[in-house]
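Novice: Can you read through this structure? Questions will come right after.
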Amino acid sequence: MKWEENVRKVTPYVAGEQPKKDNIIKLNTNENPYPPSPKVRELAARMNLDGLRLYPDMNAEKLVNVLAQYYHVEPSQVFVGVGSDDVLALAFMTFFNGEKPVLFPDITYSFYDVWAEVFRIPYKTCPLDENFCIRKEDYFAPNGGIVIPNPNAPTGILEDIRMFEEIVAANPDSVVIIDEAYVDFGGKSALPLLEKYENLMVVQTFSKSRALAGLRVGYAIGNKKLIDYLKDVKFSFNSYTMNMPAIEMGAAAVLDDAYFKETVGKIVKTREWTKEQLKKLGFSFADSKSNFLFVTHEKVPAGEIFAALKENGIYVRHWNKPRIDNYLRITIGTDEQMRALVAFLEKYFV
Ligand code: PMP
């Protein structure tokens, strides 16, 4: 069939399972176990849905302004999108337009190579060291752009911000994207570096720390020139991606900083408790500063533990990929959920 020759063929990204079952413990996609801010709920209850007759504000000004105020930057430095996946995909399209390969770690967010493939961007992966840490020297080579999450996913490892500064400073001819999807759980943001470097863009999301994965809101912060380039591509593609409820509810979530801090604090506390329990059970892992742990067991292969957990309604994530096939990524849930996980594992290992 000739028409197939003209098709853009790609291997799509595989997201974690979203089982259609009740009564499961879902620790497989790094969602927040707590509901969004009550302010979001209140707003939804009194939202004027007549407004849906109109196209939304394509500049999503309300949300952009609230984020700009929160992060002490100018609104012209903020770009919002439909989850950080949308922001990152547009950033790949905008900034990674050269001939040299874009660099990212070999073990990282598994959407990066998918975007590179779909947009026909040359890329090269840089192997993490034996402790799953980034080797900064790898990023001092000629490149067409750099993207690294901090903390990295799925390892949860937080790298020092000074290492990122070195990478950004060494690459004035490339855009460096730091994907801070998990930074709120104990990381240090690269945002202060924006004052010094115009080739840096920081991306964050409402999907994890703000408990709004279902709303689909992500954002990038960078200097105005860089954000303007991103907007040019976005408005050449689809202007009205941010719908009215997402703009309104997203803004309400940011304004409820007390709830944000409280729920993030709870998750961090539960994470630390879970670390202790899993250590006692024979798991080892690097010190995660995210809302998940990336663990391996001294005796039982990860694939077997994964299957046993799933059998019993506890969903975690496992990849059949080189270097990480003996690891499980476990999202931090509520205390109750983590107690159930630990109780199951205690019985499983006897
Ligand atoms: N970056 C990283 C490192 C992630 O793990 C995720 C979540 N899958 C995302 C970006 C995208 O999240 P979202 O599109 O929900 O903002």
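Each reported figure results from applying straightforward, stated rules to the coordinates on display, with no laboratory input. Predicted model only: the values in this text are computed from it and were never measured. Quick reminder, even Gly has a Cβ in these numbers, built from the backbone with ideal geometry, and neighbours come from all protein chains shown.
Novice: Of all residues in the range 107-118, which are assigned to a loop (DSSP other than H, G, I, E, B) and either among the aliphatic types (A, V, I, L, M) or farther than 13 Å from Val147 by Cβ (or both)?
Specialist: Listed by number, the list holds a single entry, Ile107.
Novice: Report yes if Ile146 is away from the ligand (no atom under 12 Å from the Cβ) and more than 25 Å from Glu195 (Cα to Cα), otherwise no.
Specialist: Criteria not met by Ile146.
Novice: Same structure again: Give Glu31, Glu74 a once-over and let me know the one that is touching a residue at least 24 places away in the same chain (Cβ under 8 Å), within 16 Å of the ligand (Cβ to nearest atom) and under 25 Å from Ile247 (Cα atoms).
Specialist: Result of the check over Glu31, Glu74: Glu31.
Novice: Oh, and also: Read through the list (1) among the small types (Gly, Ala, Ser); (2) surrounded by 14 or more Cβ atoms within 10 Å (Cβ to Cβ); (3) over 22 Å from the mean Cα position of the chain (by Cα), then give the number of the only condition that Gly51 fails.
Specialist: Evaluating Gly51 over (1) among the small types (Gly, Ala, Ser); (2) surrounded by 14 or more Cβ atoms within 10 Å (Cβ to Cβ); (3) over 22 Å from the mean Cα position of the chain (by Cα) leaves (2) as the failure.
Novice: Among the β-branched types (Val, Ile, Thr), crowded, with 21+ Cβ neighbours inside 10 Å and not in a helix (DSSP H, G or I): does that describe Thr29?
Specialist: no
Novice: Could you list all residues from the range 80-104 that are more than 16 Å from the ligand (Cβ to nearest atom) and over 28 Å from Phe132 (Cα atoms)?
Specialist: Result: Thr94, Asn97, Gly98, Glu99.
Novice: Does the range 131-143 contain at least one residue that is touching a residue at least 12 places away in the same chain (Cβ under 8 Å) and within 16 Å of the chain's Cα centre (by Cα)?
Specialist: No, because not a single residue in the range 131-143 is touching a residue at least 12 places away in the same chain (Cβ under 8 Å) and within 16 Å of the chain's Cα centre (by Cα).
Novice: What pairs can you find where one residue is in the range 289-312 and at negative phi, the other is of a type in the set (S, T, N, Q) and surrounded by 22 or more Cβ atoms within 10 Å (Cβ to Cβ), and their Cβ atoms are less than 6 Å apart, with a gap of 6+ or different chains?
Specialist: Note: pairs meeting the criteria are Asn291/Asn30; Phe292/Asn30; Phe292/Thr331; Phe294/Thr155.
Novice: From Ser236, Ser284, Ser290, which residue is surrounded by 16 or more Cβ atoms within 10 Å (Cβ to Cβ), over 30 Å from Ala45 (Cβ atoms) and polar (S, T, N, Q)?
Specialist: Ser290
Novice: Of (1) more than 15 Å from Ala251 (Cβ to Cβ); (2) outside any helix (DSSP H, G or I); (3) without any contact (Cβ under 8 Å) to a residue 60 or more places away in the chain, Lys21 satisfies all except one. Which?
Specialist: Every listed condition holds for Lys21 apart from (3).
Novice: Does the range 198-209 contain any residue that is away from the ligand (no atom under 16 Å from the Cβ) and basic (Lys, Arg)?
Specialist: no
Novice: From the list Gly186, Gly218, Gly214, which residue is without any contact (Cβ under 8 Å) to a residue 24 or more places away in the chain, within 16 Å of the ligand (Cβ to nearest atom), farther than 23 Å from Glu99 by Cβ and not hydroxyl-bearing (Ser, Thr, Tyr)?
Specialist: Gly214
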